[in-house]
Amino acid sequence: ARLGYSEVDLMRGLHFSYQLLRQRLRNRAQGLGQIEDRPGIAVFPVGKGYQTMPPAFAAQLLKDIPQTDYACYFAPADSAIDHYRATGLRCEVTEGPNAVLSIVANSRVVATVDSFISHVAQLVANCHVAFMSHDLPQHTLHPAAPSKVVFHALPCVPCNYLIRHEV
């Protein structure tokens, strides 16, 4: 507002920027190269601050998918990985933002709970599924992303909303 722009101007700018941002991130991901034996389904079941997909829920979600076709990805030194491995899930560690970008851009399906990776997935993923709890989709989705929002507000949502790290 201080610069003379309205919310409509902001939304218009986001719509115009989407294709450019998408192409730049895809080009960057291609420049990083493909990792051999990468599974087609990438699941990012925990966020840095709050949201998590409970390990039992992730195991139920992936129970009929061969371990060669999916992986749950975690940040280095994330102690939550042990809980997911204990349920028999295939878990791998990402070594930074470039690895995350490469995984997200080159997977058939990306499932997320974390807002950072969800934002990246909206721009470069082939297919993105966001498991959201406390965040409303209209506050999290890029307005130009080719996303379908399936959202049913419930009076009480079992959000698994836990503080994982001091912010």
Arranged from highest to lowest average of other beta-carbon atoms within 10 Å per residue, in what order do the peptides 58-64, 123-129 appear?
-> 123-129, 58-64
DSSP loop (so not H, G, I, E, B), at most 12 other Cβ within 10 Å: list which chymotrypsin sites (Phe, Trp or Tyr not before Pro) in the stretch 1-47 pass both filters.
-> Y5
Burial-style ranking of 80-86, 97-103, average other-beta-carbon count within 10 Å with highest first, yields 97-103, 80-86
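Bear in mind that the values in this text are calculations on the coordinates, not laboratory data. Everything quoted here is computed from the prediction, not taken from an experiment. Glycine also receives a Cβ, built like all others from the backbone with ideal geometry; neighbour counts cover every protein chain displayed.
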